[in-house]
Each structure stands twice: as C-alpha cells, then as structure tokens.
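Right, one structure below, let's go through it.
Since every read-out is calculated from the coordinates, none of them should be taken as a lab result. Computed from a predicted model, the values in this text were never measured in an experiment. Virtual Cβ from ideal backbone geometry, glycine too; neighbours counted across all protein chains shown.
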C-alpha cells in the first residue's frame, strides 16, 4: 500500500491487505451476472423512454419476442455487443450510455469482469482492491458526485475539464469509473454498507446538461440498494465537512484496521492511526446529522 503519505509504522497493514487482495477475483461470475442485469435495466429504461411496450419494441427493432425477452431478463449468458449498441441507438440513448453498454457487453464476452482494474490511474489500483474488501465505507465528496455513482455523461463532463487527459485517456478513465462501480455494487456478498454525502452543487452545477436527469435517476436507483444511503448537503448551508473530501473504510477482519483515504493532486493518502480515524468519524457523524436524504431532496427538488 505504497501510497503517498501512508504512515511507515503501518507496514503490517499493507501485508495483511496484500495477502487477502487476490480474493477480489473469486466473485468473477457474480460480477458477470451483475453486468448482465445492468445491461438489461439499461435496455428496458431506454425502451420505456422511447414510449414502447415490449410488443411494440419487437416490431420497432425487427426482432422476436424470445430474443427481446432474453436480453431484458438479464439472464442471457452472452449479450452480443452489436445488438446492444443497435437497440440503444434506435431507442435514442445518449452516445455515452451506448459506449458504456458496449463496454459491459465486451467485458462479459472476455469472461473477466474484474480486469477493469488494469486501467486504473497510476497509484489508484491498490485502493480499489482495498475498497472491494471493505465492510463499510463512509464517503464525503465536496466537489463532484462520488466516482462509482457517476453516469457516463457526468464522468465525461468532469474529466473533460482536465487538460492533462487526451481523448484516449479520458475514455479509459470513464471506463474505469464505470467498471469500478460495477465491481463494487456487484460484489458476490453484496456491496459494502455505504453512507455517501455529496454537495448539492456537485449535481446542480450540471443542471440543464443532457445527462443531468440520468445522473439523478442513477443516484435514486443506487440509493435503493440495501445498505446504501445517499445524502445531499444543501448548497446554502455550511456543514462540518465542507471543503473536504474523504472516505472512511472498515473491515470485518479485526486484523485490518480502519482507514481514512484522501486524495490530492499527486495521489492518495491512507491514514490508519486510530486518533485520525476517530477524528474523521466524529466529523462524518456531525455532518450526516445535518444533511438531507436523497429521496427527500429528490422529492423537494430544490434545484428546479
């Protein structure tokens, strides 16, 4: 766990995580089925947005009842990327959604949904391995929607502001965020218990963009996953965590200490000292008590 700023006295922690990290591949088939379900949900979502029933879609797409049903059930072993791309294109889905769906179909074909980690930004792959082992994660994100909750359109818009990324690197980074989400939410034992706080500005800064409603819908769907609670910090209110972004991870194995993870311009920092972890937990607890639940915020839609 050789990230910048990791305390040297915690070398044993690095060895413990390294010993168990390979288990992230054991849920490969479960992740594969998760990708299939995600593709099915995407196909259904954009069919319905097109205003088509299943019967109408059969004629619109020029397919059969059995084929449409197999793709929308999420149980088809292999979904042909060409069919997924073609259907979503005819439904009028955004190009970013089509590209994401095509990538998922190809990942299923390759038979190794976990290989997205190979495209992780330098220095970040180890964190994503540890993230998959966490029992609980508390996240406060002040600037943007937390990476695994971003839609393709949102991720592209954020990454487009980085002058250090060319088109190829930006596409790789978008793909990494999306596959990181698939792996995290598709964990064999289910995703970690997560409490996520994000600034309202992380959403409203993109109000009016063609991906805005998709991003809201994605948050609502993720918030319905058991053990996942998303909160919104209103823009007019200052909370105890304002201007800070951090994550607190805990693990089922008592040998693995709780960690705080933070990022800066030059990489990530891990802190396992008990006093720093306790300080961040106290900060997070004070923050979560004054923010608004996503469903309450979505119902009120103060952004409209």
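Packing order of peptides 191-200, 157-166, highest average first: 191-200, 157-166 (average count of other Cβ atoms within 10 Å over each peptide's residues). Under the criterion of Cα pairs below 8 Å and six or more residues apart, the relative contact order for the range 147-233 equals 37 percent. Give the shape of the range 28-114 as rounded, prolate or oblate, defined through the alpha-carbon gyration tensor: a ≥ b ≥ c are the square roots of its eigenvalues, a/c under 1.5 means rounded, and otherwise the shape is prolate if a/b is larger than b/c and oblate if not. Judged from the Cα gyration tensor, the range 28-114 comes out prolate (a/c at least 1.5, a/b above b/c). Based on C-alpha pairs under 8 angstrom that are at least 6 apart in sequence, the range 28-114 has a relative contact order of 43 percent.
Be a star and scan the range 240-270 for residues whose amide nitrogen sits under 19 Å from the point 7 Å along the Cα-to-Cβ vector of residue 161. Counting only backbone N, you get 242-246, 263-267. The residue 210 and residue 282 beta-carbon pair, evaluated with R₀ = 41 Å, returns a calculated FRET efficiency of approximately 0.50. Taking other Cβ atoms within 10 Å as a rough exposure proxy, 204, 242 sort from fewest to most as 242, 204.
Taking a ≥ b ≥ c as the square roots of the Cα gyration tensor eigenvalues, the range 122-300 comes out rounded, since a/c falls below 1.5. Using R0 = 30 Å, the C-beta based FRET efficiency linking residue 85 and residue 201 works out to 0.30. The length gained by stretching the chain between residue 168 and residue 37 to full extension, at 0.36 nm per residue less their Cα-Cα distance, is 44.4 nm.
Here the relative contact order of the range 122-300, from alpha carbon pairs under 8 Å that lie six or more residues apart, stands at 28 percent. The listed peptides 76-84, 93-101, ordered by packing as a protection proxy, come out as 93-101, 76-84 (highest mean of other Cβ atoms within 10 Å first). You can think of it this way: the chain between residue 263 and residue 44 has 75.2 nm of extra reach, that is 0.36 nm per residue less the Cα-Cα gap.
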